[in-house]
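The values are calculated or read from the model by the stated rules, or taken from the named source; none is laboratory data. Quick caveat, the model's predicted, so the values are computed rather than measured. All Cβ positions, even for glycine, are placed from backbone atoms using ideal geometry, and neighbour counts span all protein chains on display. For the accessible areas, the whole protein counts, side chains as well, though only heavy atoms, and no ligand, DNA or RNA atoms are used. Shrake-Rupley method; radii C 1.70, N 1.55, O 1.52, S 1.80 Å.
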Amino acid sequence: MRILVNLIYDPEYKGYVADVPSLPGCMSQGKSVEKAIENVKEAIALYLEDNPKTRRTAAEPALTTMVEV
């Protein structure tokens, strides 16, 4: 299963916050991109274990873009 994860650098934490838009409340963090991804994979697995019905909808496609303001 492939799930979109947004990685956002948090200068206060001095690391990355990993947010999973298709799984409300599913987040993790890590001091490096690699650690944040490792941690969010575990968070996703636990989320899906606790919410088995979500597994059917988690793979819905998402559109991510940047806008200039």
(message) Tell me the carbon and sulfur percent of the accessible area for the chain, rounded to whole percent, probe radius 1.4 Å.
(response) 54 percent
(request) With a Förster radius of 22 Å, plug the Cβ-Cβ distance of residue 31 and residue 64 into 1/(1 + (r/R0)^6) and report the FRET value to the nearest 0.05. (result) 0.40
(message) Quick check: residue separation of residue 22 and residue 39 times 0.36 nm, minus the Cα distance between them. What number comes out in nm?
(response) 4.4 nm
(message) Given all pairs of different Cα atoms, what value in angstroms does the Kirkwood hydrodynamic radius of the chain take?
(response) 12.7 Å
(message) If R₀ is 35 angstrom, what is the calculated FRET efficiency for the pair residue 50 and residue 9, using the beta carbon separation as r and rounding to 0.05?
(response) 0.80
(message) Can you tally the net charge around residue 30? Count Lys and Arg as +1, Asp and Glu as -1, for every other residue whose Cβ sits under 14 Å from the Cβ of residue 30.
(response) -1
(request) Return one number: the angle in degrees, 0 to 90 and rounded to the nearest 10, between the long axis of the Cα atoms of helix 33-50 and the longest principal axis of the Cα atoms of the chain. (result) 30 degrees
